[in-house]
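None of the figures in this text is laboratory data; all of them are computed from the coordinates on show. Remember, predicted model here, so these are calculated numbers, not experimental data. Neighbour counts are summed over all protein chains in view; Cβ atoms, including those assigned to glycine, are modelled from backbone coordinates with ideal geometry.
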Amino acid sequence: MSAPIPKNEVKRLKVLWQYAVLDTVPEEVFDDLADLAVYICEAPIALI
């Protein structure tokens, strides 16, 4: 089972491409921040 596709999906993806945030190289600072959130919250994952 998968989540339903939002009605504005095409527009949403277009905006994300305009901001150049899709298919970018990993950024260590964000990885470190997510690791810190995992540690502090004692969670299995964290997403930034």
Study note, to complete from the structure: The helix 9-18 Cα axis meets the longest alpha-carbon principal axis of the chain at an angle in degrees, between 0 and 90 and rounded to 10, of 70
Review point. Taking R0 as 22 Å, what's the FRET efficiency between Tyr39 and Leu16 from their Cβ-Cβ distance, rounded to 0.05?
Key: 0.15
